[in-house]
Amino acid sequence: MIIKKRTVSYILLAAAMLFNADAKTFYIDPASGNLSNDGSQAHPWKTLQEVLDNNKVQSRAYSTNPYAPGDTLKVINQGAPVNAGDTLLLNSGYHGDISIQAAVNADYITIAAAAGQIPQVNHILISGASRWKIQGLTVSAAFDTVGHNRDLLYINTNGWAGPSSAITVENCSLYTVKDASAWSMNDWGSYACTGARLHGKNFIFRNNFVSNVNIGVRVIADSCLIEKNIFDGFSECGMRLAGTSNCAFNYNVVQGFHMVNNIYGLGFQGYSTGPDGTVGAGVVSHISVVGNIIINTLSPAQPFKGQMYGIACFDGWYNDWTVENNVVMTNTWYGIALNGAVNCRIVNNTVCRLDTADASLPCITVSDYSAGAKSTGSVLRNNFCGSIVNNGDTTCRADHNITAYNPDSFFVDYANKDLRLKPGCAAIDSGSADLAPVNDIAGTIRPQGGGIDIGAYEYFVPVAVMRPRLGPAEDGVRKLIVGYNRFDRSIYASLKTTASMRLLNEKNGYVFSVVDILGKQRGTVRYSDKSYLRWRSADPENGTGPGVYIVTVKNGSLSMSSRVMVR
């Protein structure tokens, strides 16, 4: 029997609704809570760790300690008030160290900041745990006098309690100290923490702000999604992948490298490991590095500036990687480098030196992994960079790249790091459609003109209404109209359809999203029966300021995008 994907989705949704029908919400407040309370909003508990330590969460744990492969699960804290599918909401205040161990849930338990609250945590350790969601917490070593130079978030899979999997961490702020402008080089070397170390499998690390750390995120886990994070201020590496496969690093911002002891930095680093942990002894497969912005430094006044590689993968092998739509601005030779690339795709990236005074022109390179071990089957296409170096064998192809280096003639405002294409520049319509990504870094549909553009950005005329493209083919019946209301500073969108199509469309429901030109998600609105959007940011710092925004509407398997200029 063949079951359609949509049918499967409805079955899973119905099952999830039944499973979560009795889900409850509990409240935790360090200022007014008490463990003897019932955890209601009127009578909250005091701290999260107190709740965990006093067995108020029913979960499951592996049957033996230390964990051994093949161990079965046993129920722990039978009859406790908090169960799979429930939510714990934290109020503002200091919640101390959080340790979640030996807690394998049947469904996700969510730990989240209550609306308008800023719960503070010194450190989060998760070990032998599955199906937890952490949302909206502020994690910093500055909340305690100890614990510097460690992992602010550590998900461990090799501990006494067993492996960890299926953990989501999103909308959190993680930093060693909030302001490191007065730090000396010794402070950076001695105190900077790692933002997050993820060890296990099936993790999501999304929409987090990580600052003033040595490493932003270190992934030692298969099947992870690292997306839409900002890593601002680091002394070693923004994002690091160590020997694992099937991961995606998409639409992140990495910026502000601080050099310590003359050691080069890395925006993104990936390397393989063997069974015994030897670097370069294995294979890393099926990795996506898409839509990231990696900038060495934002300000000439930043202290401890130094050389930083952009996307640096020197210890392969690297099989079936996709590296596309990235913007890299740095001051070293290696903008994007894969040594030992097999069937990799490096397409539509923009790689520039940080400043025209820099001696090095950052290159994109595919090179030998070792003597006699050539890269094979890889493609370097539609890239803008200082140089293309293809040292692979004859099956590696390099075409439709621009290496002429006069950035002011290509980009809107190179001096201020705006690398959108200028009207009429040589990069427009000069690329190849073969293997080109469907969208550019900002979500603009390719192509906008007569051909694919070179680099991460597709040039378009910023008008309020443009002809959208629907999925794999044009459909003249649908039309997405997008505009900006300057009186209430809202973006509006309206999806026009025929009456005969509207019933099916409304049954599926619409999801509208708004992103800015750098690909940062500004808002998402789901409507079950309305084909229009009116959206205004509630955050004055990240509101709808002047610039270009992309509105995307999704309905079933179809997606439409259009752009609006806010002046």
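The values are calculated or read from the model by the stated rules, or taken from the named source; none is laboratory data. Model, not experiment: these values are computed from the prediction. Note: ideal-geometry Cβ built from the backbone for every residue, glycine included; neighbour counts use all protein chains shown.
Looking at segment 298-314, is at least one residue within 25 Å of Ala192 (Cα to Cα) and charged (D, E, K, R)?
Within segment 298-314, one or more residues are within 25 Å of Ala192 (Cα to Cα) and charged (D, E, K, R).
Residue by residue, here is whether (1) of a type in the set (S, T, N, Q); (2) under 19 Å from Val57 (Cα atoms); (3) at pLDDT below 95; (4) buried (at least 22 other Cβ atoms within 10 Å of the Cβ) holds:
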| position | (1), (2), (3), (4) |
| --- | --- |
| Asp107 | no, yes, no, no |
| Ile111 | no, yes, no, yes |
| Ala129 | no, yes, no, yes |
| Ile134 | no, yes, no, yes |
| Thr145 | yes, no, yes, no |
| His148 | no, no, yes, no |
| Tyr154 | no, no, no, no |
| Asn158 | yes, no, yes, no |
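All but one of (1) of a type outside the set (Asp, Glu); (2) modelled with pLDDT of 95 or more; (3) over 17 Å from Ile220 (Cβ atoms) hold for Ala166, so report the exception by its number.
(3)
Scanning for something modelled with pLDDT of 95 or more, in contact with a helix residue (DSSP H, G or I) (Cβ under 9 Å, 6 or more places away or on another chain), closer than 14 Å to Asp86 by Cα and surrounded by 16 or more Cβ atoms within 10 Å (Cβ to Cβ), does segment 52-60 turn up at least one residue?
yes
Considering only segment 60-153, give the strands (runs of 3 or more DSSP E) lying wholly within it that have at least 1 residues that are on the phi > 0 side of the Ramachandran plot. Even if it seems obvious, please write down each step before you answer.
Values: elements: 73-76, 87-90, 97-113, 119-121, 123-135, 138-140.
By residue number, 97-113, 123-135.
Within segment 273-336, which strands (runs of 3 or more DSSP E) (wholly inside it) include 2 or more residues that are under 21 Å from the mean Cα position of the chain (by Cα), over 19 Å from Ala373 (Cβ atoms) and not aliphatic (A, V, I, L, M)? Don't jump to the end; show me each part of the working.
Working: elements: 287-290, 293-295, 308-315, 322-324, 327-330.
It comes to 308-315, 322-324.
Please determine whether any residue of segment 94-110 is free of Cβ contacts under 8 Å to residues at least 40 places away in the same chain and either in contact with a Ser or Thr (Cβ under 9 Å, 6 or more places away or on another chain) or under 21 Å from Asn212 (Cβ atoms) (or both). Step through it out loud before you land on a result.
Within segment 94-110, the first condition is being free of Cβ contacts under 8 Å to residues at least 40 places away in the same chain, and the residues that meet it are 110.
Narrowing the set further to residues that are either in contact with a Ser or Thr (Cβ under 9 Å, 6 or more places away or on another chain) or under 21 Å from Asn212 (Cβ atoms) (or both) leaves 110.
Yes.
Go through segment 56-86 and report how many residues are hydrophobic (A, V, I, L, M, F, W, C) and over 20 Å from Asn37 (Cα atoms).
Start the filter on segment 56-86 by keeping residues that are hydrophobic (A, V, I, L, M, F, W, C), which leaves 57, 61, 68, 73, 75-76, 80, 82, 84.
Filter once more, keeping what is over 20 Å from Asn37 (Cα atoms): 61, 68, 73, 75-76, 84.
Looking only at that region, the number is 6.
Based on this model, can you work out whether Gly195 counts as over 16 Å from the mean Cα position of the chain (by Cα), crowded, with 24+ Cβ neighbours inside 10 Å and closer than 20 Å to Trp132 by Cβ? Before the answer, list the steps.
Numbers: over 16 Å from the mean Cα position of the chain (by Cα): no; crowded, with 24+ Cβ neighbours inside 10 Å: yes; closer than 20 Å to Trp132 by Cβ: yes.
Answer is no for this residue.
Could you check, for segment 176-195, whether at least one of its residues is of a type in the set (A, V, I, L, M) and in contact with a Cys (Cβ under 9 Å, 6 or more places away or on another chain)? Walk me through how you get there before you give the answer.
Step one: filter segment 176-195 for residues of a type in the set (A, V, I, L, M), giving 177, 180, 182, 185, 192.
When the remaining residues are screened for being in contact with a Cys (Cβ under 9 Å, 6 or more places away or on another chain), the result is none.
Looking through segment 176-195, none of the residues is of a type in the set (A, V, I, L, M) and in contact with a Cys (Cβ under 9 Å, 6 or more places away or on another chain).
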